[in-house]
Amino acid sequence: MPAIVRLAVTLTLLAALAAPAGAQLPRSITLATNPPGTVYYTFGSGLAKVISGGPFQVSIQPYAGSSTFLPLLNTGEVELGIVNAVDMGLSYRGPKFQIGGRNPFPHAPNVRLVMRGSPLLVGLLVRKDSPIKSVHDIKGKRFTGEYRAHLAVWYNMFGHLASAGLTWNDVKVVPVNTVNDGVDALVQGRADVTQHALNSAKVKEADAAVGVRHVSDDCTAQGEARMRKAVPGYYPRVVKAGSMTGVVEDTCVVAYDTYFFAGKGVPDNVVESALKAVWEGGDQLVPIHPMFKEWTHDRAVDADVSIPYHPGAVRFYRERNVWKPGMDQVQRKLLAVNP
């Protein structure tokens, strides 16, 4: 082998050895979401579109619910996901941590937060001609429940009931698997009350089919206290009449934070690249869904989170001086749950 060729080979090998681990970005990654028709599917589609404008493509993979895809992120079979703060806290902490006397989520100690997004708004839903005017009118009514494939919605319904001082024993439970199945039960006349995220495609579909409207939870001081105690992470939000489909009068609903997250095994540079695209692509997100208006830089980092941040996200936020004072202590405390 000529000396110049040997030199070239040697330099190539040395460069490869010197390259930082994980420097090579993948061609594509997967983002897990809830089913089509849900707000989280819309969120996931928007994020995938913006991120795919960068160094790799993102494909959307919908699942029946977070209980289905959380194990896949925990094992590294899927890289990114969209889920809510309550599901994440329950799954991250494991079965010993319970809300409402239960925690049916699979333990996922390897999930890490990338960005805290906008709050998800979920409201009780009835047919437009229903006599039900508020959560206090649902006692004894046919009320969708169980949500075997969509566990987060069980907690939604539990929180709605709790705001009025009610329990599952105060309603006639109509078993369904997913949040979309609950709306189908309402449209088909098998249930009197269900729920869904505000302004979702499924609510628009139901409104076109039979006419639907959201009804208020109890958001008095006492009702708010009951809601917050029942499901830590929930808080009330009043939505103005006419601002969204099915909101025919000022309506008080449940709000809780959305998390854009990853498995801890996802390389730092993949997380940083995805986060950079979202950080700089806010203008592209807002037209996709109005709730992206609250998917802001100010909300990205917060001490009141239920899982630790991914190290790639931590580095990204440090470089932009938005890793707030006290966040290192929060991070250490959350990591100590699953060393």
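Restricting V203, V238 to those that are surrounded by fewer than 24 Cβ atoms within 10 Å (Cβ to Cβ) and either in contact with a Lys or Arg (Cβ under 9 Å, 6 or more places away or on another chain) or under 26 Å from F43 (Cβ atoms) (or both) reduces the list to V238.
Restricting segment 145-189 to residues that are of a type in the set (S, T, N, Q) and within 20 Å of A255 (Cβ to Cβ), which is surrounded by the fewest Cβ atoms within 10 Å (Cβ to Cβ)?
Let us first name the residues in segment 145-189 that are of a type in the set (S, T, N, Q), namely 156, 163, 167, 169, 177-178, 180, 188.
If we keep only those that are within 20 Å of A255 (Cβ to Cβ) too, we end up with 156, 163.
On the way: N156: 27, S163: 30.
Only one residue tops the list, namely N156.
A search for C-beta distances below 9 Å between a residue of segment 320-339 that is in contact (Cβ under 8 Å) with a residue 60 or more places away in the chain and any residue that is open to solvent by 40 Å² or more (accessible area, probe 1.4 Å) and assigned to a helix (DSSP H, G or I), counting only pairs 6+ apart in sequence or on different chains, returns V337/R93; N338/R93. Which of the residues that make up segment 317-339 are open to solvent by 50 Å² or more (accessible area, probe 1.4 Å), over 20 Å from E272 (Cβ atoms), out of contact with any helix residue (DSSP H, G or I) (no Cβ under 8 Å at 6 or more places or on another chain) and in a loop (DSSP other than H, G, I, E, B)? Those that are open to solvent by 50 Å² or more (accessible area, probe 1.4 Å), over 20 Å from E272 (Cβ atoms), out of contact with any helix residue (DSSP H, G or I) (no Cβ under 8 Å at 6 or more places or on another chain) and in a loop (DSSP other than H, G, I, E, B): P325, A336, P339.
All told, K172 falls short of being touching a helix residue (DSSP H, G or I) at 6+ places or on another chain (Cβ under 7 Å) and of a type in the set (K, R). Flag set for N103, criterion: without any contact (Cβ under 8 Å) to a residue 24 or more places away in the chain and in contact with a Phe, Trp or Tyr (Cβ under 8 Å, 6 or more places away or on another chain). Quick check on segment 96-106. Is at least one of its residues within 30 Å of D250 (Cβ to Cβ) and crowded, with 23+ Cβ neighbours inside 10 Å? No; the residues of segment 96-106 include none that is within 30 Å of D250 (Cβ to Cβ) and crowded, with 23+ Cβ neighbours inside 10 Å. Output the residues belonging to segment 279-316 that are in a helix (DSSP H, G or I), within 22 Å of N199 (Cα to Cα) and in contact (Cβ under 8 Å) with a residue 24 or more places away in the chain. Correct list: Q284, L285, P290, M291, F292, K293, E294, R299. Per the listing L80, L47, L72, the residue uniquely of a type in the set (A, V, I, L, M, F, W, C), open to solvent by 20 Å² or more (accessible area, probe 1.4 Å) and either modelled with pLDDT of 95 or more or touching a Ser or Thr at 6+ places or on another chain (Cβ under 6 Å) (or both) is L72.
Return yes when Y92 is within 30 Å of P290 (Cα to Cα), in contact with a Ser or Thr (Cβ under 8 Å, 6 or more places away or on another chain), without any contact (Cβ under 8 Å) to a residue 60 or more places away in the chain and not acidic (D, E) and no when it is not. No. Applying the condition of being of a type in the set (S, T, Y) and in contact (Cβ under 8 Å) with a residue 12 or more places away in the chain to segment 243-278 and asking which residue is farthest from S130 (Cα to Cα) yields S273.
K128 versus (1) surrounded by fewer than 15 Cβ atoms within 10 Å (Cβ to Cβ); (2) out of contact with any Asp or Glu (no Cβ under 9 Å at 6 or more places or on another chain); (3) farther than 30 Å from P311 by Cβ; (4) of a type outside the set (A, V, I, L, M): which is the lone unmet condition? Failing condition for K128: (2). Against the test of being surrounded by fewer than 20 Cβ atoms within 10 Å (Cβ to Cβ) and touching a residue at least 60 places away in the same chain (Cβ under 8 Å), the options V215, V210 yield a single qualifying residue, V210.
Here is a yes/no grid of residues against (1) touching a Gly at 6+ places or on another chain (Cβ under 7 Å); (2) open to solvent by 10 Å² or more (accessible area, probe 1.4 Å); (3) at pLDDT 95 or above:
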site: G242; (1), (2), (3): no, yes, yes
site: E249; (1), (2), (3): no, yes, yes
site: A262; (1), (2), (3): no, no, yes
site: D268; (1), (2), (3): yes, yes, yes
site: A274; (1), (2), (3): no, no, yes
site: V278; (1), (2), (3): no, no, yes
site: G282; (1), (2), (3): no, yes, no
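The values are calculated or read from the model by the stated rules, or taken from the named source; none is laboratory data. For clarity, every value in this text was computed on a predicted model and none was experimentally measured. Reconstructed Cβ throughout: ideal geometry from the backbone, glycine too, with neighbour counts over all protein chains shown. These accessible areas exclude ligands, DNA and RNA; they are computed on the full protein's heavy atoms, side chains included. Shrake-Rupley method; radii C 1.70, N 1.55, O 1.52, S 1.80 Å.
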